[in-house]
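Following: one structure in structure tokens, then a few remarks.
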Amino acid sequence: MSDEVVQIDKLQVRYGDTVAVQDVSLSIRRGEIFGILGPNGAGKTTTVECVAGLRSPSSGRIAVLGEVGLDRNRLREQVGIQLQSSGLPDKLHVAEAMELFASFYPNPRDPDELLTRLGLEEKRDSRFAKLSGGQRQRLSIALALIGQPQLAILDELTTGLDPAARRETWKVISDIRDQGVTVLLVTHFMEEAEYLCDRVAVFHRGRVIGLDSPGSLAAGAGQKLSFRPKTPLDPAELRGLAGVSNVSAPDGRIEVDGGGDLIASVMEALVSRGVVPLETRVEQSTLDDAFVRMTADEDAAAN
Amino acid sequence: MKTLLLTELRLFRREPGPAFWGMVFPVALLIVLGSTVGNKPDVSLGGVGFITVFTPVMTVFSLGLLSLSSLPSTLAGYRDKGYLRRLSTTPVGAWRMLAAQLIIVACLAAAVIVVITLVSHFAFGGDLAQNFGGWLLTIVLLMSAMLSFGLLIASLAPTGKIANVAGSMSFFVLMFFAGLWVPQAAMGSTLRTIAHYTPLGAGVPAIQNAAAGLWPGTNHLLVLVGYTIVLALLAGRFFRWE
């Protein structure tokens with residue numbers, strides 16, 4: 001079986017005059033948690049809806065599980081979906097919902113085992129309407145997984161959850177991946193993408209503007225090294241070193257921005273000049289910084 | 001599909017409103033009125049007894065209420081919540097939910113119809129579907145017309161609540177023409193003619209005829225066929241899954 005669970009090639013989706021997805025190409029590998037990250041309206045949900053077969057692309061090609069235009073029935077059996085805002089009947093009990101959805105699939109998981117894993121076993125006999133936001137979200141995940149899918153699509157998984165419930169849900173998603181399920185996660189929380197995803201595609205205005213591991217994306221946005229030199233040092237001496245993009249000297253400190261070899265080259269320069277750095281701080285940029293920079297670059301390029 | 005049907009049936013049971021008004025109330029009303037008014041021939045009712053006139057009205061009551069009030073509010077509510085969309089991502093698809101709802105309403109209404117007919121006959125001396133073929137044909141056409149009507153309401157109403165209100169209003173209007181408050185025999189001829197062109201208003205005399213052993217009436221049956229075709233086409237045209 002192919003190692004790529006999803007391959008998207010030049011996807012474009014238009015609604016009337018609006019272009020929701022301009023040009024998206026990416027592929028998702030078996031067994032990874034792949035994140036689609038971006039602000040609202042970036043085309044994230046539209047893209048996953050195309051993958052799930054809920055929407056037809058205007059142009060482009062999508063192959064799921066190695067087949068283009070996978071037969072709708074097979075797609076529904078192999079792909080488990082947790083959609084944004086999809087409810088259940090108010091008076092349906094948790095265990096009944098699990099049993100019902102289990103009956104839809106040829107080879108379902110054990111509903112009780114799944115409920116226990118998601119911490120819902122005590123809510124077995126509660127009505128859907130009585131569940132908290134976090135419990136509904138976990139039930140929704142359970143229903144997405146009940147059919148033993150090869151690919152789980154989770155859209156805005158933790159929106160509206162409190163921090164504790166969010167952490168708990170993240171744990172569940174890592175567990176799923178560890179069981180061999182490929183996960184496609186749509187989110188606009190950087191922290192979530194950083195914590196969970198093996199690789200992230202950054203969406204902006206219907207395009208992919210970055211695709212890498214969260215760590216590499218963040219590193220791309222650079223580092224900041226700052227220190228107080230024990231003996232005076234002309235900041236200009238650090239300009240032009242490998243990896244250094246900017247040097248400034250606010251109130252007795254020296255701040256060096258850059259990436260790549262930044263730290264090594266600055267430290268080497270200091271040692272060779274016999275300058276001892278005090279109060280040294282290295283600030284690693286986060287995915288958030290990277291994201292802000294990437295989208296700003298895009299916007300600047302567009303204008 | 002079996003689990004889906006059982007689950008939906010369970011959910012129906014948890015809604016006290018439709019379960020009471022659609023299933024218990026028409027039987028109870030027939031028993032109360034049957035015990036107090038009886039079935040003595042009455043000139044003002046066209047020379048037949050009250051039970052003979054009232055049984056067909058109660059026969060369509062449950063079907064009307066379940067199709068117009070319960071069915072559309074359930075379906076529109078499921079659509080509103082995104083449940084139909086959620087189902088469409090599973091191997092069963094949302095179609096089966098639609099089918100399950102239709103089957104449940106048809107079966108529950110059929111059960112009430114059987115009970116009404118038996119109670120009417122054995123307790124109060126009403127006619128027992130003497131032209132059984134004609135009677136059955138009428139019931140089947142009534143079901144197809146009313147279920148199509150309910151689907152059309154579900155198609156047009158944006159939410160479950162609106163579907164419920166629209167369905168209940170349609171129900172009372174149609175039950176008026178069926179003769180719930182004023183028997184058709186007591187209506188003026190213009191009003192009665194209008195009534196005969198409404199689905200339940202056509203169904204009631206057709207049932208009454210068939211119960212008495214006559215042909216239900218080609219006109220009445222054609223009215224029901226016409227409603228079924230038009231309403232089903234409209235519902236098919238406007239139905240949305242999300």
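Can you tell me how many residues in the range A:154-181 are more than 22 Å from residue A:47 (Cβ to Cβ) and touching a residue at least 40 places away in the same chain (Cβ under 8 Å)?
5
Just the residues that are more than 27 Å from the chain's Cα centre (by Cα) and open to solvent by 70 Å² or more (accessible area, probe 1.4 Å), please, taken from the range A:273-290.
Within the range A:273-290, A:273, A:276, A:279, A:281 qualify.
Right, residue A:48: modelled with pLDDT of 90 or more, within 24 Å of the chain's Cα centre (by Cα), within 14 Å of chain B (Cβ to nearest Cβ) and under 26 Å from residue A:215 (Cβ atoms) or not?
On the way: modelled with pLDDT of 90 or more: yes; within 24 Å of the chain's Cα centre (by Cα): yes; within 14 Å of chain B (Cβ to nearest Cβ): yes; under 26 Å from residue A:215 (Cβ atoms): yes.
Yes.
I'd like the full set of residues that are at the interface with chain A (Cβ under 9 Å from one of its Cβ atoms), within 29 Å of residue B:59 (Cα to Cα) and open to solvent by 20 Å² or more (accessible area, probe 1.4 Å), limited to the range B:73-91.
B:74, the sole residue that qualifies.
(1) touching a Gly at 6+ places or on another chain (Cβ under 6 Å); (2) surrounded by fewer than 17 Cβ atoms within 10 Å (Cβ to Cβ); (3) outside any loop (DSSP other than H, G, I, E, B): which one isn't true of residue A:21, the others all being true?
Evaluating residue A:21 over (1) touching a Gly at 6+ places or on another chain (Cβ under 6 Å); (2) surrounded by fewer than 17 Cβ atoms within 10 Å (Cβ to Cβ); (3) outside any loop (DSSP other than H, G, I, E, B) leaves (2) as the failure.
Kindly evaluate residue A:39 against the criterion of being touching a residue at least 12 places away in the same chain (Cβ under 8 Å), in a loop (DSSP other than H, G, I, E, B) and away from every other protein chain (no Cβ under 14 Å). Step through it out loud before you land on a result.
Numbers: touching a residue at least 12 places away in the same chain (Cβ under 8 Å): yes; in a loop (DSSP other than H, G, I, E, B): yes; away from every other protein chain (no Cβ under 14 Å): yes.
Criteria met by residue A:39.
What are the residues in the range A:215-272 that are β-branched (Val, Ile, Thr) and open to solvent by less than 40 Å² (accessible area, probe 1.4 Å), if any?
A:244, A:247, A:254, A:256, A:266
Given the condition part of a loop (DSSP other than H, G, I, E, B), assigned by TED's automatic domain parsing to the domain that holds residue A:199 and under 29 Å from residue A:188 (Cβ atoms), answer yes or no: does some residue in the range A:62-73 qualify? Talk me through it step by step, then tell me what you get.
Initial filter on the range A:62-73 (part of a loop (DSSP other than H, G, I, E, B)): A:65-66, A:69-71.
After this cut, where a residue has to be assigned by TED's automatic domain parsing to the domain that holds residue A:199 as well, the list is A:65-66, A:69-71.
Then drop every residue that is not under 29 Å from residue A:188 (Cβ atoms), which leaves A:65, A:70.
Yes, the range A:62-73 contains a residue that is part of a loop (DSSP other than H, G, I, E, B), assigned by TED's automatic domain parsing to the domain that holds residue A:199 and under 29 Å from residue A:188 (Cβ atoms).
Would you be able to say whether some residue in the range A:194-203 is at pLDDT below 85, open to solvent by 30 Å² or more (accessible area, probe 1.4 Å) and either assigned by TED's automatic domain parsing to the domain that holds residue A:147 or aromatic (Phe, Trp, Tyr) (or both)?
Within the range A:194-203, not a single residue is at pLDDT below 85, open to solvent by 30 Å² or more (accessible area, probe 1.4 Å) and either assigned by TED's automatic domain parsing to the domain that holds residue A:147 or aromatic (Phe, Trp, Tyr) (or both).
It is to be established whether one or more residues within the range A:141-157 are touching a His at 6+ places or on another chain (Cβ under 9 Å) and assigned by TED's automatic domain parsing to the domain that holds residue A:192.
yes
Please enumerate the residues belonging to the range A:2-36 that are of a type in the set (Gly, Ala, Ser) and touching a residue at least 60 places away in the same chain (Cβ under 8 Å). It would help to see each step written out before you state the result.
Taking the range A:2-36 as the starting set, the residues that turn out to be of a type in the set (Gly, Ala, Ser) are A:2, A:16, A:20, A:25, A:27, A:31, A:35.
Of everything in the range A:2-36, those that are of a type in the set (Gly, Ala, Ser) and touching a residue at least 60 places away in the same chain (Cβ under 8 Å) turn out to be A:2, A:20, A:25, A:31, A:35.
Could you list, ordered by first residue, the pairs with Cβ atoms under 6 Å in which the first is in the range B:188-207 and over 15 Å from residue B:170 (Cβ atoms) and in contact (Cβ under 8 Å) with a residue 24 or more places away in the chain and the second is open to solvent by 60 Å² or more (accessible area, probe 1.4 Å) and part of a helix (DSSP H, G or I), at least 6 apart or interchain?
none
So which pairs qualify, if the first residue must be in the range B:1-16 and in contact (Cβ under 8 Å) with a residue 24 or more places away in the chain and more than 8 Å from chain A (Cβ to nearest Cβ), the second must be surrounded by 14 or more Cβ atoms within 10 Å (Cβ to Cβ) and among the hydroxyl-bearing types (Ser, Thr, Tyr), the Cβ gap must be under 9 Å, and the two must be at least 6 apart or on different chains?
Filtered contacts from the range B:1-16: B:1/A:103; B:8/B:74; B:12/B:70; B:12/B:74.
Collect the residues in the range A:69-92 that are under 27 Å from the mean Cα position of the chain (by Cα), open to solvent by 30 Å² or more (accessible area, probe 1.4 Å) and more than 7 Å from chain B (Cβ to nearest Cβ), keeping them in residue-number order.
A:69, A:72, A:74, A:78, A:84 - these are the residues of the range A:69-92 that are under 27 Å from the mean Cα position of the chain (by Cα), open to solvent by 30 Å² or more (accessible area, probe 1.4 Å) and more than 7 Å from chain B (Cβ to nearest Cβ).
Taking the stated definitions as given, is residue B:164 among the polar types (S, T, N, Q) and farther than 30 Å from residue B:95 by Cβ?
no
Is it true that some residue in the range B:10-27 is under 19 Å from residue B:128 (Cα atoms) and among the aliphatic types (A, V, I, L, M)?
Within the range B:10-27, one or more residues are under 19 Å from residue B:128 (Cα atoms) and among the aliphatic types (A, V, I, L, M).
Per-residue answers, yes or no, for (1) open to solvent by less than 30 Å² (accessible area, probe 1.4 Å); (2) charged (D, E, K, R); (3) within 14 Å of another protein chain (Cβ to nearest Cβ):
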{"position": "B:22", "(1), (2), (3)": "yes, no, no"}
{"position": "B:25", "(1), (2), (3)": "no, no, no"}
{"position": "B:33", "(1), (2), (3)": "no, no, no"}
{"position": "B:48", "(1), (2), (3)": "no, no, no"}
{"position": "B:54", "(1), (2), (3)": "yes, no, no"}
{"position": "B:61", "(1), (2), (3)": "yes, no, no"}
{"position": "B:69", "(1), (2), (3)": "yes, no, no"}
{"position": "B:93", "(1), (2), (3)": "yes, no, yes"}
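The values are calculated or read from the model by the stated rules, or taken from the named source; none is laboratory data. Please read all numbers here as calculations on a predicted model, not as lab measurements. Note: ideal-geometry Cβ built from the backbone for every residue, glycine included; neighbour counts use all protein chains shown. Surface accessibility is based on the protein's heavy atoms, side chains included, excluding ligands, DNA and RNA. Shrake-Rupley method; radii C 1.70, N 1.55, O 1.52, S 1.80 Å.
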